[in-house]
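A.B. asks: Sending over a structure as structure tokens; questions will come in a sec.
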Amino acid sequence: MARFSFRQYLTQHLTRREHGYDSDELLQAQVHMSNQTFSFINPMSLKCAIELGILDIIQNHRHPMTHSELVSALSIHPAKTGFVYSLMQILVNLGFVRRQKLSETNQHLPIHLSSLSDNPPAASFVPKKVEVDEEEGYVLTSASWLLLEDNPLSMTPFLLSMLSLILTQPWHHLGSWFQNDDPTPFYMAHRMTFWDYWGNKPSLAPAFNDAMTSDTRLISKVVIDKCKGVFEGVESLMDVGGGMGTMARAIADAFPHMDCTVFDLPHVVADMQGTNNLKFAGGDMFETLPPADAILLKWILHDWNDEDCVKILERCKEAITSKEKKGKVIIIDMVVGMENQNGDEESLKTQIYFDMLMMVVLPGKERNEREWAKLFSDAGFSNYKITPSLGSRSLIEVYP
Ligand SMILES: C[S@@+](CC[C@H](N)C(=O)[O-])C[C@H]1O[C@@H](n2cnc3c(N)ncnc32)[C@H](O)[C@@H]1O
Ligand SMILES: COc1ccc(-c2oc3cc(O)cc(O)c3c(=O)c2O)cc1
């Protein structure tokens, strides 16, 4: 049988309009498809760069770093040095690294928070060929700043946990999950729920906890700076599903007169140490919650389906002690389509990705304002207020 390349096939068989095909369109479609298929290469390359310490090496060099300087600084097998170029090409195209003339002195190296706007990341993959030009060197962009080792707000734990086998295997079950009655693709891959998994495999829990903590460090700063008023008059606060207590600890430190409690599954809080105004309590949020003026739910409700959310919200309503304005549930979660301060498409993209993640890993989803309002009303709450100022997320105050 004669063998044809795809291009030959297209030009010989499908070029004529009367067949209903246009070869240019098909070739363009082929490029689009290839690039979609290859998009997994982006985060995998980033993971590799982190493992090799490339971003920290460029940062610590303090000047634009030539390609040969970078290669010599890497601990890699001598036979592999020629391949570093390919990896760097991806990092440049993804906007994590930029090429800069050695003669262009940059007063802001190494990069730090105050110089972020001088080195913004490219908005998305902007294809450009990286030439090996020893007159130029690599410098970091602000996107890399969030992946540096000594950055307390580092997003590296998030990237590494998302790309771990535990969280990537479930995606291979997505198609069959749509056709069977298993609760989640995660369940199909691991034969247990997401929360049971971390309870049963304690050695793997730190990776997940680190990812959560890295997000909470950033968000707690913003909430305390920008949304201080939300905590006005609140004397006791219960962070339900508060995990390692990062958020509650930040609130307890910022408001020393507030009594804060982290409520989470018993195995999560078993070894946690409290402080003067911070306690840990183990239990199940579907049963009874200890009383408090205000109840915080950060990244909880999007983990659950509507029926379970209403149950959790009902338990919260029963636990709220105060009939005044301070008596409320404070939710930090996404409100899909809600214009935030940046009002940008990147936030909407994050919301769409998170919605998929919640479906694959947990029986959850992201909700728009109408869906949130229905949950609040079904759980017996009377009123709510949305403050959309947390990037892709919002802060929602819900009143009994
Ligand atoms: C997505 S994490 C969010 C953690 C924390 N609020 C944050 O944003 O960093 C969800 C938390 O809910 C807790 N959780 C799950 N099921 C629970 C239950 N039935 N009762 C109490 N906590 C639960 C988990 O242990 C986990 O800490
Ligand atoms: C630093 O940025 C991030 C850190 C962690 C995560 C994240 O968030 C969630 C939230 C959930 O409610 C359930 C989850 O399974 C996860 C994650 O697995 C995860 O990594 C996102 C951004």
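A.B. asks: What are the residues in region 235-270 that are acidic (D, E) and open to solvent by less than 40 Å² (accessible area, probe 1.4 Å), if any?
C.D. replies: Within region 235-270, D239, D264 qualify.
A.B. asks: Going by the conditions given, is G241 modelled with pLDDT of 95 or more and within 13 Å of ligand 2 (Cβ to nearest atom)?
C.D. replies: In short, yes.
Every residue, every condition in (1) within 24 Å of W195 (Cα to Cα); (2) touching a helix residue (DSSP H, G or I) at 6+ places or on another chain (Cβ under 9 Å); (3) near ligand 1 (Cβ under 9 Å from one of its atoms); (4) part of a loop (DSSP other than H, G, I, E, B), yes or no:
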position: D215; (1), (2), (3), (4): yes, yes, yes, no
position: I219; (1), (2), (3), (4): yes, yes, yes, no
position: V223; (1), (2), (3), (4): no, yes, no, no
position: V230; (1), (2), (3), (4): no, yes, no, no
position: D239; (1), (2), (3), (4): yes, yes, yes, no
position: G243; (1), (2), (3), (4): yes, yes, yes, yes
position: I251; (1), (2), (3), (4): no, yes, no, no
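A.B. asks: Any residue at all in region 205-224 that is more than 17 Å from P152 (Cα to Cα) and in contact with a Gly (Cβ under 9 Å, 6 or more places away or on another chain)?
C.D. replies: Yes: one or more hits.
A.B. asks: So, one more: Tally time: how many residues in region 145-189 are hydroxyl-bearing (S, T, Y), away from ligand 1 (no atom under 16 Å from the Cβ) and in contact (Cβ under 8 Å) with a residue 60 or more places away in the chain?
C.D. replies: 1
A.B. asks: Filter region 169-190 for residues that are exposed (fewer than 15 other Cβ atoms within 10 Å of the Cβ) and of a type in the set (S, T, N, Q) and give the result.
C.D. replies: Q169, S176, Q179, N180
A.B. asks: Name the residue, out of M247, M188, that is more than 21 Å from K326 (Cβ to Cβ), modelled with pLDDT of 90 or more and not acidic (D, E).
C.D. replies: M188
A.B. asks: Regarding region 305-314, can at least one residue be identified that is of a type in the set (V, I, T) and in contact with a strand residue (DSSP E or B) (Cβ under 8 Å, 6 or more places away or on another chain)?
C.D. replies: Checked region 305-314: at least one residue is of a type in the set (V, I, T) and in contact with a strand residue (DSSP E or B) (Cβ under 8 Å, 6 or more places away or on another chain).
A.B. asks: Please identify the pairs in which a residue from region 356-385 that is without any contact (Cβ under 8 Å) to a residue 24 or more places away in the chain has its Cβ atom under 8 Å from the Cβ atom of a residue that is crowded, with 20+ Cβ neighbours inside 10 Å and in a strand (DSSP E or B), counting only partners at least 6 apart or on another chain.
C.D. replies: Close Cβ pairs satisfying both conditions: N383/V398; Y384/I396; Y384/V398; K385/I396.
A.B. asks: Now, a different point. So which residues in region 68-85 are touching a residue at least 12 places away in the same chain (Cβ under 8 Å) and in a helix (DSSP H, G or I), if there are any at all?
C.D. replies: S68, E69, L70, V71, A73, V84, Y85, listed by residue number.
A.B. asks: Looking at region 191-208, which of the residues that are open to solvent by less than 40 Å² (accessible area, probe 1.4 Å) and under 19 Å from the mean Cα position of the chain (by Cα) is modelled with the lowest pLDDT?
C.D. replies: Filtering region 191-208 for residues that are open to solvent by less than 40 Å² (accessible area, probe 1.4 Å) and under 19 Å from the mean Cα position of the chain (by Cα), the one modelled with the lowest pLDDT comes out as A205.
A.B. asks: Looking only at region 352-364, how many residues end up being over 19 Å from Y197 (Cβ atoms) and within 11 Å of ligand 2 (Cβ to nearest atom)?
C.D. replies: Of the residues in region 352-364, 2 are over 19 Å from Y197 (Cβ atoms) and within 11 Å of ligand 2 (Cβ to nearest atom).
A.B. asks: Looking only at residues in region 86-112 that are surrounded by fewer than 14 Cβ atoms within 10 Å (Cβ to Cβ) and not in a loop (DSSP other than H, G, I, E, B), which one is modelled with the lowest pLDDT?
C.D. replies: K101
A.B. asks: Something else about it: Take region 90-104 and flag every residue that is touching a helix residue (DSSP H, G or I) at 6+ places or on another chain (Cβ under 9 Å) and at negative phi.
C.D. replies: I90, L91, N93, L94, F96, V97, R98, R99
A.B. asks: Could you tell me which of the residues E307, E318 is more than 19 Å from P183 (Cβ to Cβ) and either at pLDDT 95 or above or within 26 Å of the chain's Cα centre (by Cα) (or both)?
C.D. replies: Answer to the selection: E318.
A.B. asks: Which members of region 138-165 meet the condition of being in a loop (DSSP other than H, G, I, E, B) and either open to solvent by less than 30 Å² (accessible area, probe 1.4 Å) or within 13 Å of ligand 2 (Cβ to nearest atom) (or both)?
C.D. replies: Across region 138-165, the qualifying residues are T141, L146, L147, L148, N151, P152, L153, S154, M155, L163, S164.
A.B. asks: Within region 52-66, count every residue that is open to solvent by less than 30 Å² (accessible area, probe 1.4 Å) and either part of a loop (DSSP other than H, G, I, E, B) or of a type in the set (F, W, Y) (or both).
C.D. replies: 3
The values are calculated or read from the model by the stated rules, or taken from the named source; none is laboratory data. Quick caveat: nothing in here was measured; it's all calculated off a predicted structure. When we count neighbours, we look across all protein chains shown, and the Cβ atoms used for this are built from the backbone with ideal geometry, even at glycine. Surface accessibility is based on the protein's heavy atoms, side chains included, excluding ligands, DNA and RNA. Shrake-Rupley method; radii C 1.70, N 1.55, O 1.52, S 1.80 Å.
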